[in-house]
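Working notes, beginning with the structure itself.
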Amino acid sequence: MPELPEVETVRASLEPKLVGRRFEEVEIHDSRLTRPVDPAEVAAELEGERVSAVDRRGKYLIVRFESGLVLLIHLRMTGNLVHSRNGAQAQAHLRAVVKLDDGSDVIYRDVRRFGTWLVLAADEVDTYLAARLGLEPLERTFSARNLGERLVGRRVSIKAALLDQRILAGVGNIYADEALWRARIDPRRPAGELDRGELGKLHRGIRRALEAGIARQGATLRDYRTPEGAAGTMQNEFKVYGRGSEPCLRCGTPIAKTRIAGRGTWFCPGCQR
DNA sequence: CTTTTTCCCTGGACGC
DNA sequence: TGCGTCCAGGGAAAAA
């Protein structure tokens with residue numbers, strides 16, 4: 001499930017391969033990918049465009065073109081971008097292929113078809129993203145203080161708040177659990193009740209968890225791969241996610257599993273308070 | 001306004 | 001072996 005570290009890994013890998021390249025030919029095989037826009041229309045818009053930058057905001061990949069046009073890609077659950085220099089062989093769940101002007105291809109696969117490709121004009125992008133995304137956790141401007149400001153008065157659990165992209169952008173189910181373990185905070189605590197010290201620990205925990213994920217090229221549980229086709233290794237470093245009944249690495253208490261905001265949630269009932 | 005629930009989608013795991 | 005059921009979860013939309 002691509003979260004910020006996985007999307008950032010994809011971004012960093014694709015950036016040097018795409019910047020300066022032209023989209024020669026674009027094939028989109030799944031109408032769900034561009035819904036409600038006709039995929040043929042999106043393909044036609046993208047053909048001939050030359051890439052000027054590959055950015056990221058939250059879990060969105062932002063492909064900017066010299067013309068000002070922007071392609072926003074969201075991988076959702078199982079979306080996967082691979083760069084290939086030897087053609088796009090017939091592959092299961094192939095949803096789109098972009099042929100670049102250096103002869104290489106960008107191949108998009110997505111088992112569950114939740115991913116989206118959206119084309120916007122340059123002046124529409126900020127508005128679109130600002131309506132959906134809050135603080136960017138790895139930006140310098142992200143602080144314990146402005147995290148706290150976003151949580152004031154919130155009665156939802158801190159886990160649910162971390163998953164709310166309008167509060168904090170890029171953290172998903174895995175890294176939310178990992179960040180809360182690092183911060184020693186119980187995921188069920190009401191978000192608005194964290195004190196100043198806890199906010200500081202949470203701020204640090206979020207950054208540490210995300211940075212660890214990026215350093216390991218993300219976590220591969222099933223579908224996620226880097227654009228080189230490699231698996232990430234962050235799944236080997238999980239402190240709590242998926243470790244139900246195994247001993248806490250800090251205090252030895254068996255890790256508990258519960259359900260918060262409809263998502264599987266793992267935490268240590270011994271040292272997360 | 002905030003919060004909760006439902007839905008989308010496929011395939012792997014599991015029980016019988 | 002086969003079939004039904006549950007689970008995985010990001011985010012949009014509807015409901016409360």
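Between the listed residues A:LEU75, A:GLN91, A:VAL19, the Cα displaced farthest toward the positive end of the dipole of chain A, a dipole computed from Cβ unit charges relative to the Cα centre, is found at A:LEU75. Its Cα centre serving as origin, the range A:123-273 has a Cβ charge dipole (Lys and Arg +1, Asp and Glu -1) of approximately 700 debye.
Its convex hull of Cα atoms gives the range A:180-229 a direction-averaged projected area, equal to a quarter of the hull surface, of 4.5 nm².
Per-atom-type breakdown for the range A:1-71 gives carbon and sulfur 43% of the accessible area (1.4 Å probe, protein chains only).
Would you mind working out the accessible area per residue for the range A:144-267, using a 1.4 Å probe, and quoting it in Å²?
Numbers: 5860 Å² over 124 residues.
Solvent-accessible surface per residue comes out at 47 Å².
For the range A:76-152 versus the range A:173-226, the spacing of their alpha-carbon centroids is 21 Å. Extension gain, A:ARG208 to A:LEU129, is 26.0 nm, computed as 0.36 nm per intervening residue step minus the present C-alpha separation. Using a probe of 1.4 angstrom and keeping all protein chains present, the accessible surface of the range A:4-130 works out to 43 square angstrom per residue. Shown for the range A:104-156 is the translational diffusion coefficient from the Stokes-Einstein equation, using the Kirkwood radius over Cα pairs, a temperature of 4 °C and a viscosity of 1.567 mPa s: 87 µm²/s.
Per the helix-only calculation at 222 nm, which mean residue ellipticity applies to chain A, given -39500 (n - 2.57) for every DSSP H run of n ≥ 4 and division by its residues, nearest 500 deg cm²/dmol?
Values: 8 runs with 81 residues, N = 273.
That comes out to -8500 deg cm²/dmol.
When each of the peptides A:160-170, A:262-272 is scored by how many other beta carbons lie within 10 Å of its residues on average, the order from highest to lowest is A:160-170, A:262-272.
According to the square roots a ≥ b ≥ c of the eigenvalues of the Cα gyration tensor, what is the shape class of the range A:81-127, taking rounded for a/c under 1.5, prolate for a/b larger than b/c otherwise, and oblate for the remainder? Oblate, because a/c is 1.5 or more while a/b does not exceed b/c. Counting only residues at least eight positions apart within a chain, or on another chain, the aspartates and glutamates with an alpha carbon under 19 Å from that of A:LYS257 are A:ASP177, A:GLU178, A:ASP186, A:GLU237, A:GLU246. Entry note, chain A: relative contact order of 18 percent, from Cα contacts under 8 Å with a spacing of 6+ residues. In the range A:144-267, the convex hull through the Cα atoms has an average projected area of 7.7 nm², a quarter of its surface area. Which one of A:VAL37, A:VAL54, A:VAL82 has the biggest mean-square fluctuation once chain A is modelled by GNM with Cα springs under 10 Å? Residue with maximal mean-square fluctuation among A:VAL37, A:VAL54, A:VAL82: A:VAL37. Placing +1 on the Cβ of every Lys and Arg and -1 on the Cβ of every Asp and Glu, with no other charges, gives chain A a dipole of roughly 1700 debye about its Cα centre.
Heavy-atom surface analysis with a 1.4 Å probe gives the range A:114-273 a carbon and sulfur content of 46 percent of its accessible area.
Within chain A, the ratio Rg/Rh, alpha carbon atoms throughout and Rh by Kirkwood, equals 1.00. Computed from phi, the 3J(HN,Hα) profile of the range A:61-77 under the Karplus parametrisation 6.51, -1.76, 1.60 (θ = phi - 60°) reads 8, 10, 9, 9, 10, 4, 6, x, 4, 9, 10, 9, 10, 10, 7, 6, 8 Hz, with x in place of Gly and Pro.
The values are calculated or read from the model by the stated rules, or taken from the named source; none is laboratory data. Every value quoted in this text rests on a predicted model; they were computed, and no experiment measured them. Every residue, glycine among them, receives a Cβ derived from its backbone with ideal geometry; neighbour counts consider all protein chains shown. Quick note on the areas: whole protein, heavy atoms, side chains included, nothing else; ligands and nucleic acids left out. Shrake-Rupley method; radii C 1.70, N 1.55, O 1.52, S 1.80 Å.
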